[in-house]
Amino acid sequence: MRTSDVIKSAVQNTFRSKLRTSLTVIAIFIGAFTLTITSAIGAGVSNYIDSQLGAIGAEGVLSVTVAPADQPATTDGPTPYDPNKATAGGGFPGGGAPGLGGGALSAADITAITNTKGILSVEPTVFVSVDFIEAAGSGKYELSVNPVSAATVPNLAAGAPFTGAAENEILLPDTYLDALGFADANAAVGATVTLGATDAVGEQNTVDATVQGVQNTSLLALGASINQHLTDALAQIQATGRLVEAPVGYVAAVAHIDPAASQAQIDAIKADLLGQGFRAQTTADQIGSFQAVISGIIGVLNAFAIIALIAAGFGIVNTLLMSVQERTREIGLMKAMGMGSGKIFGLFSAEAVFIGFLGSAIGAGIAILAGTGISAALADSVLSGLPGLHIMLFEPASIITVILVVMAIAFIAGTLPARRAATQNPIDALRYE
């Protein structure tokens, strides 16, 4: 008997006892359906985490801060004071800016980071504040700005990222559209808004900026993103009127590297910076803990689905054992006609795999149909406040993996009945009543 004949016979034999096979397929369907749904939830949430939390760091960007001081042997309680860490003049080891504390970067630190091999450019993080924002004909509204705009990847509803031009540009949060009188996100792009900021002597100044784009609501309330030119303009306003020049210091810096740099090259740059007293983090470093939590939750859900599939595996064992018993004389006849034990083993194994394929394919198919509808409904209702979140994302690779895993479990479950059929004595089998 050819392999194609074995497969054909296996498919036909599967439907001999339709009720028993249907019940087994339903058991597999439940496990496959659950596993497909949980995998889709994991993919959907992970994709949203990547797009939303990924805004805290772009590709080809390192967030650089002063490396934390060595911690004491015990982590219980506060760190003991070390007078050697500070001097009366404010000098700090590791390059801290005078008068700004050990966690600040000085101008010399920025120069050192810039001169590090592999660093293309550096933009110091300057904290600026805005009193209000207004558009033509609108009222004034409070506004917070993202201090690390240069390191973010904006999730835009309209418009484009910063152009790098020497003009004031802003990415407006979508929650400000109605208040500022814009019909929609596209209407806001290209419009001029006015920002108010207070100088060192308490006088309020204004500066105009062009709306370069509109940002979707994010998990992180980072505020409006502003380009470096607008940041410098606001910083200049805040410094106007100071009688004594304050020491220059930055809480962090955005270091740009080659986006195509390998992991080994990135590690070398981070090690070089650490040797100089700086800590550098990539996007993956910053969102890794979030992804770990999501992966852990999805892993637990998948475990329950696997348990359901294992239970379905016992259903396959029961179904095929009964089939072997019912077809004992048939097995004896096949052996008497020259069919080898290997072919018989393959016949019953193929039946098990086909049952697994039926259950998993039906389960995955219905999961995709139901999940897509549910995901769309949630996106338009409960989750409408989180644009871009599709709670279930069905990836072809994941679907195929689920089906193959179920078929593998079915094959393993069918091994015992298939072996029992293959080892039947043909003479005893023919005498079986």
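All other residues with a Cβ under 13 Å from the Cβ of Gly275 taken together, and with Lys, Arg as +1 and Asp, Glu as -1, what is their net charge?
+1
Once every Cα of the stretch 108-161 carries one equal point scatterer and solvent is ignored, give the base-10 log of I(q)/I(0) from the Debye formula at q = 0.22, 0.30 Å⁻¹, two decimals.
Each listed q maps to, in turn, -1.00, -1.13.
Once a ≥ b ≥ c are taken as the square roots of the eigenvalues of the Cα gyration tensor of the stretch 292-433, is the result rounded (a/c under 1.5), prolate (a/b larger than b/c) or oblate (a/b not larger than b/c)?
prolate
Among the lysines, select those whose C-alpha is under 18 Å from the C-alpha of Lys117, and discard any that sit fewer than 8 residues away in the same chain.
Answer for Lys117, where 18 Å is the Cα cut-off: Lys270, listed by chain and number.
Pull up the cross-link candidates among the lysines for Lys18, meaning alpha carbon to alpha carbon under 27 Å and not fewer than 8 places away within one chain.
Correct list for Lys18: Lys8, Lys335, Lys343.
What shape does the stretch 377-417 take by its C-alpha gyration tensor, where a ≥ b ≥ c are the square roots of the eigenvalues and a/c under 1.5 counts as rounded, a/b above b/c as prolate, and the rest as oblate?
Prolate, since a/c reaches 1.5 and a/b exceeds b/c.
Could you calculate, for the stretch 239-372, the ratio of the Cα radius of gyration to the Kirkwood radius, expressed as Rg to Rh?
1.40
Return the Cα extents of the stretch 130-235 along principal axes one, two and three, sorted largest first, each rounded to a whole Å.
38, 31, 27
Roughly how many Å is it from the Cα centre of the stretch 132-191 to that of the stretch 25-42, as a whole number?
With the stretch 132-191 and the stretch 25-42 each reduced to a Cα centre, they are spaced 43 Å.
Just so you know, all these numbers are worked out from the coordinates, no wet-lab data involved. Being a predicted model, the structure only gives us computed values, none of them experimental. All Cβ positions, even for glycine, are placed from backbone atoms using ideal geometry, and neighbour counts span all protein chains on display.
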